[in-house]
1. Using only Cα atoms, locate the centre of segment B:473-503 and the centre of segment B:113-140, then give the distance between them in Å, rounded to an integer.
2. Relative contact order of segment B:568-689, please, whole-number percent, based on alpha carbon pairs below 8 angstrom and at least 6 residues apart.
3. Can you sort A:His51, B:His672 so the residue with the fewest Cβ neighbours within 10 Å comes first?
4. Show me the ranking of peptides A:28-36, B:478-486 by mean Cβ neighbours inside 10 Å, starting with the highest.
5. Pairs of Cα atoms under 8 Å, at least six residues apart: use those to get the relative contact order of chain B, whole percent.
6. Quick one: helix B:86-97 against the long Cα principal axis of chain B, what's the angle to the nearest 10°, folded into 0 to 90?
7. If you average the C-alpha positions of segment B:358-422 and of segment B:617-678 separately, how far apart do those two centres end up, in angstrom?
8. Per residue of B:81-92, how many C-beta atoms from partner chains lie within 10 Å of its own C-beta, taken as a mean?
Amino acid sequence: MSGSGWFSSPALDRLRRALRGLFGMPDYPRYLEHMQRCHPDRSPLSEREFHRHAIDRRYGASRARCC
Amino acid sequence: MKRTPSSTLIWLAVAALGAFAFAAIALNRGESVNSAWLVTAALCVYFIAYRFYGRYIADRVLRLDDARPTPAVRHEDGLDYVPTSKWVLYGHHFAAIAGAGPLVGPVLAAQMGYLPGTLWILVGVVVAGAVQDFVVLFASLRRDGRSLGQMVRMELGPTAGTLAQVGTLAIMIIILAVLSLVVVKALTASPWGLFTIAATIPIALLMGIYMRVLRPGRIAEASAIGVVLLLLSIVYGRNVAEHATLAPLFTWSGTALAWGLIVYGAIAASLPVWLMLAPRDYLSTFLKLGTIIALALGILFVAPPLAMPATTRFLDGTGPVFSGQLFPFLFITIACGAVSGFHSLIASGTTPKMLERESHARLIGFGGMLTESFVAIMALTAACVLDPGIYFAMNSPAAAIGATAAEAAATISSWGFTITPETITQTATDIGESTILSRTGGAPTLAVGMAQIMATALGGKALTAFWYHFAILFEALFILTAVDAGTRACRFMIQDMLGHAWAPLGDTQRLSSNVLATGLCVSAWGYFLYQGVVDPLGGINTLWQLFGVGNQMLAGIALLLCTTVLVKMKRQRYAWVTLVPTAWLLVTTVTAGLQKIFHTDPKIGFLAQGNRFSDAFARGELLAPAKTLEEMQRVAFNNYLDAAVCALFTLLVLAMCVFTLRACLQALRTPHVTAVEIPALATTPGVRS
């Protein structure tokens with residue numbers, strides 16, 4: 001899946017990921033990849049849930065851990 | 001370390017260029033020096049420091065080891081712990097450490113001329129600042145991404161940990177107060193400025209809803225919308241400022257703005273993060289990176305000459321911007337940009353959880369700080385390209401230069417910086433403001449300097465007012481983000497402490513406990529802010545130095561921790577790398593702290609000023625600016641309070657010295673390594689090599 005709908009080319013996608021990283025936004029495709037690789041038994045968060053978690057945890061009080 | 005003939009040649013060329021730039025600065029005394037030399041000299045210093053000293057620390061002192069998995073690799077969860085490409089993380093880390101600090105401090109220090117500030121920024125960053133950020137990041141990497149406070153607890157013991165926690169909380173409160181004061185000073189009686197800043201609130205809310213409800217996680221789209229709306233708010237701000245009924249609505253006094261900010265802080269810190277804090281943070285990161293790059297290009301292309309002399313007569317400590325001699329006050333006025341304790345909190349926060357390999361720590365820790373130092377050099381440049389007369393008109397409190405352009409021009413000219421009242425009023429008209437007098441706090445000065453540079457590069461005089469308000473918006477936006485995020489962080493710290501006393505008070509899910517902790521935090525910084533706004537000397541004078549002492553104290557604590565870590569790793573041979581900056585910070589911070597408390601000059605010493613007011617009160621006399629005896633008492637009390645805060649910082653850092661000494665002596669007596677590191681393991685499976 002490519003980041004957003006407008007264009008998609010590998011170079012643009014890389015740029016998009018880099019920019020998100022710059023802003024400290026975690027990358028959803030990468031998270032999916034990680035879940036598939038390490039926890040194939042668990043169902044991953046949806047994109048909406050993922051972004052909610054990301055923001056709440058980034059500024060939240062408790063920085064709980066996953067694995 | 002590869003050393004090919006071509007790389008040797010390149011580094012010799014960099015060294016020669018740097019030496020040439022310094023020679024151009026040193027030999028051109030009496031005539032104005034072009035700012036391009038300053039920037040070139042700085043860049044050469046950074047490159048050489050990064051290549052040689054940074055490498056020495058990485059290879060010899062810390063011995064970074066890519067075979068050791070970083071916390072990001074060990075705990076990879078795709079969310080908090082994500083191994084990140086080194087350049088992306090460098091940008092992210094830089095955006096997190098670069099705040100208002102490196103912009104304000106150098107502007108204030110420019111009252112002594114451009115040379116003292118430049119030298120301290122360059123020497124300080126290489127010897128102290130970059131080393132601190134790098135070693136703290138390294139220590140945290142080897143301790144599973146632990147925070148500074150936790151590491152102090154681990155390596156120096158629980159009492160030291162608690163003291164560090166108290167110190168961090170106190171410095172947070174002072175930082176929030178002084179940053180808010182910078183905003184108040186920039187926006188007082190400035191309808192254009194206030195309108196654009198106020199507009200950021202609905203813009204952030206809109207972006208927040210967009211990213212949460214409409215298109216989750218699309219920060220690029222939301223930020224693009226936000227930036228366009230922001231630019232529109234700057235353009236239409238002029239119409240608001242010229243509108244007969246709207247202008248008075250956005251023309252606020254200093255005290256009204258202070259109350260506004262206090263209420264804003266309390267509400268913003270209580271809203272859900274996604275609604276205001278997160279979108280505003282993206283917006284400010286966007287503007288921050290963009291503006292810094294634009295300013296660098298502007299200075300490079302315009303290459304304006306420095307109008308400020310290399311040194312001024314105010315080296316003697318009688319300057320109007322801040323009182324006190326070069327030693328020790330220059331070294332606490334310029335904190336961020338040379339060395340900033342605050343960075344140790346970030347280098348032990350999210351960054352170590354994202355680092356892919358240990359060897360990346362040099363670019364991110366050491367290199368990130370060098371970049372921040374470059375921002376400080378640019379801020380200093382922007383302040384020094386201004387006519388010195390304008391600089392002093394903007395940065396001197398009304399008590400020193402009077403309230404009219406004529407009085408100010410006469411006073412400043414008598415100091416040896418010739419300026420006419422017409423130039424002062426013309427500058428105000430050019431930037432679209434009613435006055436520039438006593439706009440202390442650094443932000444407006446930087447904005448005028450930036451506006452001059454940017455307008456020369458793009459748009460000419462017609463756009464000066466636009467660039468000025470753009471620069472004010474840029475600074476105010478990330479200060480407000482800091483106020484919001486800082487109040488929240490402060491609240492968690494208070495809850496953590498209160499939770500030890502009575503568990504329900506520490507419950508972050510409980511509304512009453514949240515309201516109580518937010519209230520305590522906001523009233524604490526709000527008190528110092530209000531006191532700064534009504535201060536006879538303009539507030540910045542007092543608060544910025546209090547902040548400087550606190551920030552450098554935190555840097556001292558971080559460097560003491562770094563030294564302990566090195567000694568416990570049995571690398572005491574290299575302990576000088578952190579001991580030298582520690583010693584310098586201790587000497588300057590403790591001297592400044594003691595002078596701020598005990599100096600007999602009431603302009604410098606808090607006790608002397610407090611006594612002056614309480615003695616006059618006892619005699620029933622009124623001293624300006626107090627208008628009633630009650631106010632006299634309050635001024636006296638505030639000075640005693642400032643003295644107490646200063647004493648707290650000084651005692652804290654001295655206590656940490658004792659703890660460090662004890663821990664180091666014990667480590668030296670023990671024959672084996674005593675540092676509490678995560679043991680080196682083979683890289684866990686499932687991770688790219």
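Just so you know, all these numbers are worked out from the coordinates, no wet-lab data involved. Just so you know, these numbers come straight off a predicted model, no measurement behind them. Glycine gets a Cβ as well: all are built from the backbone with ideal geometry, and neighbour counts include every protein chain shown.
1. 26 Å
2. 28 percent.
3. So the ranking, lowest neighbour count to highest, is B:His672, A:His51.
4. B:478-486, A:28-36
5. Once divided by the residue count of chain B, the mean separation gives 23 percent.
6. Helix B:86-97 sits at roughly 40 degrees to that axis.
7. Taking the Cα centre of segment B:617-678 as reference, the centre of segment B:358-422 is 29 Å away.
8. The per-residue average across the peptide is 4.
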